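What follows is a single structure, written as structure tokens, with notes after it.
No value in this document is a laboratory result; all are computed from the given coordinates. Remember, predicted model here, so these are calculated numbers, not experimental data. Here the Cβ positions follow ideal geometry from the backbone for every residue, glycine too, while neighbour counts run over all protein chains shown.
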Amino acid sequence: MTDNAFEAERRNNIAKIAGSEGFEAQTRDWMAQAQELKYSYNFDWLGLPIIQYPQDVMAMQELVWTLKPDLIVETGIARGGSAIFYASLLEMNALCGGPANTEVVAIDVDIRAHNRSAIEAHPMAKRLHMIEGSSIDPEVVAQVKQRAEGCKSVLVCLDSNHTHDHVLEELRAYAPLVTSGSYVVVFDTLIEDLPESAIGDRPWAPGNNPMTALYSYLEEDPAFEIDSARHTKLQITVAKNGYLKRKDG
């Protein structure tokens, strides 16, 4: 099978998945239970908890390899696994002939001392710059914008406070940094489809979450579109409709 034929087969596979209501229903039911069982908490990346679904980890690897970003902006650090994940991908890109002077800028309102120590001790921390503060604080946004100056390719990942208002402000602050053909990835849009038993005592809920925020932002900024093939092929993803691509041109 030629490369073109293989790619055509994969596109056909994704189209079949998109057309299967039964498969999507099974996925939705599985994910509701997985959230209640804290499924995403059970994985590490290079020794640190990543707190992501393996499917989204694979999807982000595909993006970083294809885009070869100079800068990855991540809101939400938690235990640091995802920040180290992105840093390690940038390191791999550099080793394989990609841009050498690249970094991850990761932001969290509270970087706890034991997490900071573990992150800073990691070999991949050399490609990581952490900022402690609210991701929508104007001073924090200004710092990120300064580090984005001159970058040819910028990828943004939003995964901090999941309320509608917060995510919308993050999109307004950081989506404009995304370069043509690159993405802003909005995580935890799945909240819109979850039962309350899977959400718990949180300030976000159906009707007030990253999914509602991204739709509001798309009404404001026509430069982005949902890359539905990304979440369709994953199925098991916390970012359904959340892979937003900046249109070329």
Which numbered condition trips up Ala78, out of (1) closer than 16 Å to Leu234 by Cβ; (2) outside any helix (DSSP H, G or I); (3) small (Gly, Ala, Ser)?
-> (1)
Return yes or no: is Arg116 in contact with a strand residue (DSSP E or B) (Cβ under 6 Å, 6 or more places away or on another chain) and in a helix (DSSP H, G or I)?
-> no
Are there any pairs with C-beta distances below 9 angstrom linking a residue in segment 113-132 that is over 22 Å from Asp70 (Cβ atoms) to a residue that is surrounded by 15 or more Cβ atoms within 10 Å (Cβ to Cβ) and of a type in the set (Asp, Glu), with the two at least 6 apart or on different chains, and if so which?
-> Asn115/Asp108; Glu132/Asp108
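Conditions (1) farther than 29 Å from Gly98 by Cβ; (2) among the polar types (S, T, N, Q); (3) buried (at least 21 other Cβ atoms within 10 Å of the Cβ), marked per residue:
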{"position": "Ser134", "(1), (2), (3)": "yes, yes, no"}
{"position": "Val140", "(1), (2), (3)": "no, no, no"}
{"position": "Leu155", "(1), (2), (3)": "no, no, yes"}
{"position": "His162", "(1), (2), (3)": "yes, no, yes"}
{"position": "Glu192", "(1), (2), (3)": "yes, no, no"}
{"position": "Arg202", "(1), (2), (3)": "yes, no, no"}
{"position": "Pro222", "(1), (2), (3)": "yes, no, no"}
Single residue of Asp70, Asp44 found to be touching a helix residue (DSSP H, G or I) at 6+ places or on another chain (Cβ under 9 Å), buried (at least 18 other Cβ atoms within 10 Å of the Cβ) and acidic (Asp, Glu) | Asp70
Can you confirm whether segment 24-34 contains a residue that is farther than 19 Å from Gln235 by Cα and not in a loop (DSSP other than H, G, I, E, B)?
-> no
Could you list, in sequence order, the residues of segment 194-249 that are of a type in the set (D, E, K, R), in contact (Cβ under 8 Å) with a residue 60 or more places away in the chain and touching a helix residue (DSSP H, G or I) at 6+ places or on another chain (Cβ under 7 Å)?
-> Arg230, Lys233
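Please go through segment 162-187 and give me each residue that is among the small types (Gly, Ala, Ser), under 13 Å from the mean Cα position of the chain (by Cα) and within 17 Å of Val140 (Cα to Cα), ordered by number. Steps first, answer last, please.
Within segment 162-187, the first condition is being among the small types (Gly, Ala, Ser), and the residues that meet it are 173, 175, 180-182.
With the extra rule that they be under 13 Å from the mean Cα position of the chain (by Cα), the set shrinks to 175, 182.
Ala175, the sole residue that qualifies.
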Inspect segment 12-21 for any residue being outside any strand (DSSP E or B) and closer than 22 Å to Glu120 by Cα and give the result as yes or no.
-> no
Scan segment 81-98 residue by residue and report those that are out of contact with any Lys or Arg (no Cβ under 6 Å at 6 or more places or on another chain) and either part of a loop (DSSP other than H, G, I, E, B) or small (Gly, Ala, Ser) (or both).
-> Gly81, Ser82, Ala83, Ser88, Ala94, Cys96, Gly97
Picking from Ser180, Ser216, which residue would you name as being surrounded by fewer than 18 Cβ atoms within 10 Å (Cβ to Cβ) and closer than 21 Å to Ala148 by Cβ?
-> Ser180
